[in-house]
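Chemist: First, the structure itself, so that you have it in front of you.
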Amino acid sequence: MEMNGVGAAGYPMGGYYGTKQARKSTADTAFADTLNNTEAAAPHTSIVYMKTDDMLYSGGNGTGLSFYLKYAEDSIDEDPTVVAKGVDENGKEFEQTIHINDINPQHASVVEMHALEAYLDVDKNGGLTSLPMGTGMMGLHDRADFMGLFEKQISDMTLLKQQKTAAYYRQSMQAFWVFMDRKETVL
């Protein structure tokens, strides 16, 4: 059944009517303009570093941050040092030297935490990381309280009755607490 160009389900019947034709035309033109504008249509490129035997970590996150970690040439047991190289979320290359003993998991960057995770050989449970899910959109220079993020992740998993996942995050968090406790006793 059709009444005034509208079908029984409330959708237009037949071709385009009045402003719909103009909207389609405007949308098509805008889309074509975007395709023809090389600046606006420039493809987003991502760099992915394939892990090699001498790397501690290779990966990134949803921001475009991508990096790998290796022990620095001058790294020693008393001062384990890692070099991070990669591209930040804006595609700009970076290199950082990270002294493991200087990392504070309560105020750390995602790069520092991946360095600490690798140094401590934290169980990744068959995945890419042991870090909480809230870290996926952190940029190179963003800092977070990872211990608080672990607590929130554990709370969320417990609320969702995901006891195995909550236990896994408790175990991961414990590895970082042990590191922090050991560091305090040395000082």
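The values are calculated or read from the model by the stated rules, or taken from the named source; none is laboratory data. Keep in mind it's a predicted model, so treat the numbers as computed, not measured. Glycine also receives a Cβ, built like all others from the backbone with ideal geometry; neighbour counts cover every protein chain displayed. The area values use the complete protein model at the heavy-atom level, side chains included, leaving out ligands, DNA and RNA. Shrake-Rupley method; radii C 1.70, N 1.55, O 1.52, S 1.80 Å.
Chemist: Got a sec? Which of 9, 40, 30 is among the small types (Gly, Ala, Ser) and either modelled with pLDDT of 55 or more or not in a loop (DSSP other than H, G, I, E, B) (or both)?
Modeler: Sole residue among the options that is among the small types (Gly, Ala, Ser) and either modelled with pLDDT of 55 or more or not in a loop (DSSP other than H, G, I, E, B) (or both): 30.
Chemist: Restricting the search to the stretch 103-147, which residues are open to solvent by less than 30 Å² (accessible area, probe 1.4 Å), among the small types (Gly, Ala, Ser) and more than 22 Å from residue 47 (Cβ to Cβ)?
Modeler: Passing the criteria: 108, 130, 144.
Chemist: Here is a further query. Go through the residues of the stretch 82-102 one by one and say whether even a single one is open to solvent by 30 Å² or more (accessible area, probe 1.4 Å) and part of a helix (DSSP H, G or I).
Modeler: Yes: the stretch 82-102 contains one or more residues that are open to solvent by 30 Å² or more (accessible area, probe 1.4 Å) and part of a helix (DSSP H, G or I).
Chemist: Just need a number here: residues in the stretch 148-161 that are over 18 Å from the mean Cα position of the chain (by Cα), surrounded by 15 or more Cβ atoms within 10 Å (Cβ to Cβ) and of a type outside the set (A, V, I, L, M).
Modeler: Selection size over the stretch 148-161: 3.
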